[in-house]
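For reference, the structure is listed below as structure tokens.
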Amino acid sequence: MNDTEVLEVAQQALLIIIQISWPVLTVGLVVGVAIALVQALTQVQEITLVFVPKIIAIFLAMFLTLPMMMKTLTVFMESLADRMVGLS
């Protein structure tokens, strides 16, 4: 593998990381902002009120997007394995 192929694989890996993580991060952001808004409106500053719903929402988002994540990683790994076999 030359330098350009290594950089191309690294670029693909970073793009796949972003593609896989954006649904979970978006859910965490939306739930966090919604809870912060509720806390600001009600003036309830309980710290556990932030973490518990956010953790539940993130786990639910991970559970729902896991098939998409696995498919994306499988396709990437198969293409990477094909490149490795092609080098031999």
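The values are calculated or read from the model by the stated rules, or taken from the named source; none is laboratory data. Nothing here was measured: the structure is a model prediction, and the numbers come from that model. Note that each Cβ is placed from the backbone with ideal geometry, even for glycine, and that neighbours are counted across all protein chains shown.
Couple of notes before you dig in:
- Sole exception among (1) over 30 Å from residue 14 (Cβ atoms); (2) assigned to a helix (DSSP H, G or I) for residue 45, by number: (2)
- Filtering region 12-33 to residues that are surrounded by 15 or more Cβ atoms within 10 Å (Cβ to Cβ) and out of contact with any Lys or Arg (no Cβ under 7 Å at 6 or more places or on another chain) leaves 16, 20, 23, 24, 27.
- Candidates in region 38-88 are the residues that are among the basic types (Lys, Arg) and within 30 Å of residue 1 (Cβ to Cβ); of these, the one that is farthest from the chain's Cα centre (by Cα) is 83.
The rows are residues; the columns are (1) among the small types (Gly, Ala, Ser); (2) touching a helix residue (DSSP H, G or I) at 6+ places or on another chain (Cβ under 7 Å); (3) part of a helix (DSSP H, G or I); (4) modelled with pLDDT of 90 or more.
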residue: 21; (1), (2), (3), (4): yes, no, yes, yes
residue: 32; (1), (2), (3), (4): yes, yes, yes, yes
residue: 35; (1), (2), (3), (4): no, yes, yes, yes
residue: 50; (1), (2), (3), (4): no, yes, yes, no
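- Filter result (aliphatic (A, V, I, L, M) and in contact (Cβ under 8 Å) with a residue 60 or more places away in the chain) within region 2-28: 9, 13, 16
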